[in-house]
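Accompanying notes for the structure given below.
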Amino acid sequence: MAHFGVVAPAFFSHFSAQSALASELVDRGHRVTFFQQIDAGDHLADPRLGFHALGAASHPRGSFAAVMARAANPGSPLGLRRVIGDMARGTDMLCRELPAALAAEGVDFLIADQMEAAGGLVAEALNMPFVSVACALPVNREPGIPLPVMPFAYGTSERDLQMYQGSTRVYDWLMTPHRKVIEQHARAFGLSPRGMLHECLSPLAQVSQTTEGFDFPRRALPANFHHVGPLRSASGASLARDPMPAVDPHKPFVFASFGTMQGHRFGLFKRVAKACRALDVQLLIAHCGGLDEAQARALQEAGANWVCAFGPQRELLARADVVVSHAGSNTVMDAIEARTPILALPIAFDQPGTAARVAYAGIGLQASPRFVTTAHLRRMLRQLLDKSTFQQRLDIMAEELAQAGGTRRAADIIEAAVGAAQPVAQSA
């Protein structure tokens, strides 16, 4: 059996999806080892998964907390540049240390997260077969499609196309520090010139935990691209979670969570709580450890029925009438699976692009978390609770997701790529 290495950003959401896939491969008799800075090893709950710590000098124990804090709240343009600098330093460290680490562990195949260029660069440099996995929106570019980080609605007018092109130029300029690192290591490895994430993807197979119906209309994805839906573990969540509360079946129930990086958004949670109280609906807030006990009590006083760090998300979504979310990919895919309408309040990274796709797909509404008022939240929640059109669209998308194959199909594609060592074409 094969020994797979996994290279992904050190964030929990990426490790969560990748570890579900890794556990499935272990179930099939393979060996899997993750490679990242030492703090990322704390994200792995399956004891069967290996972890090889890198960056002892540049990324020592405890250093990731500051990186995560900057990423969660970059603030000014200067703050955004710092986040991009963190990304560049991470890729640089991995490019420098991965080759020796992969050799030491005897890895023969790599699973490379699309959001970490080092995986594809190093695999190609070592002539090692690799598969790219999109845990967030795919970074694959094509004309007429806005970048995942952009909040734009889909359109085909000349104005839309010009806006997409202009925003791409701005994004590429902002990413200059990261681009220079990719260019530098591509030259050092003797690879063809490249500088962007989408230029570091696998020619063998590319797997995405989205579905085709959720994205904007794509016409130029490569033949080796596969929409498989959410990558989830059959063994359940990796974090300790509070039990499902006793929800009154006769009253609407709203679940609110802004993920592991944005759970500190007390003011936004409070506006949601006040809106739910005005509508007389039940509300559970999961802040993922971002709030203290005093803030949790204040949210209950504002209108939340329950406030916890981590709840049983898939069970909560299955029961909820609406989910209020930061539009993180994992939460949105789980909401589609549960057929739960989404109120998307995107904050960072590809969340604006995901929220735009939620609205385009007709499975929810979106608003700015910075400017949305309690009154506006109340109106949107009322609309989501009352309109059956959201449910109709969710039924269609949930059926597509159920047929996508998920973790098992992703593992099938990877095993086929290992065995065939040639591009794996899309399924009919």
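Quick notes on this one:
- 1 or more residues surrounded by 18 or more Cβ atoms within 10 Å (Cβ to Cβ) and modelled with pLDDT under 95: qualifying helices (runs of 4 or more DSSP H) within segment 369-428: 406-420
- Taking the criterion of being in contact with a Ser or Thr (Cβ under 8 Å, 6 or more places away or on another chain) and at negative phi, the residues of segment 360-408 that qualify are 394, 397, 400, 401, 404, 407.
- Only one entry in 355, 304, 298, 348 is outside any strand (DSSP E or B), under 16 Å from the mean Cα position of the chain (by Cα) and modelled with pLDDT of 95 or more, namely 355.
- The lone exception for residue 327 - which of (1) closer than 30 Å to residue 297 by Cα; (2) in contact (Cβ under 8 Å) with a residue 40 or more places away in the chain; (3) out of contact with any Lys or Arg (no Cβ under 6 Å at 6 or more places or on another chain) it fails: (2)
- Considering residues of segment 260-281 that are part of a helix (DSSP H, G or I), charged (D, E, K, R) and in contact (Cβ under 8 Å) with a residue 40 or more places away in the chain only, the residue surrounded by the most Cβ atoms within 10 Å (Cβ to Cβ): 271
- Listed conditions (1) of a type outside the set (Ser, Thr, Tyr); (2) under 24 Å from residue 347 (Cα atoms); (3) in contact with a Lys or Arg (Cβ under 9 Å, 6 or more places away or on another chain) are all met by residue 134, apart from (3).
- Residue in segment 29-41 that is under 17 Å from the mean Cα position of the chain (by Cα) and within 27 Å of residue 195 (Cα to Cα) present: yes
- Of everything in segment 294-313 that is closer than 17 Å to residue 260 by Cα and without any contact (Cβ under 8 Å) to a residue 40 or more places away in the chain, the residue that is surrounded by the fewest Cβ atoms within 10 Å (Cβ to Cβ) is 295.
- If the condition is being closer than 17 Å to residue 11 by Cβ and not in a helix (DSSP H, G or I), then segment 103-122 contributes 111, 112, 113, 114, 115, 116.
- Test: residue 64 is touching a Ser or Thr at 6+ places or on another chain (Cβ under 7 Å), under 26 Å from residue 174 (Cβ atoms) and either assigned by TED's automatic domain parsing to the domain that holds residue 348 or not acidic (Asp, Glu) (or both): no
The values are calculated or read from the model by the stated rules, or taken from the named source; none is laboratory data. Note that this is a predicted model, so its numbers are computed, not measured. Glycine also receives a Cβ, built like all others from the backbone with ideal geometry; neighbour counts cover every protein chain displayed.
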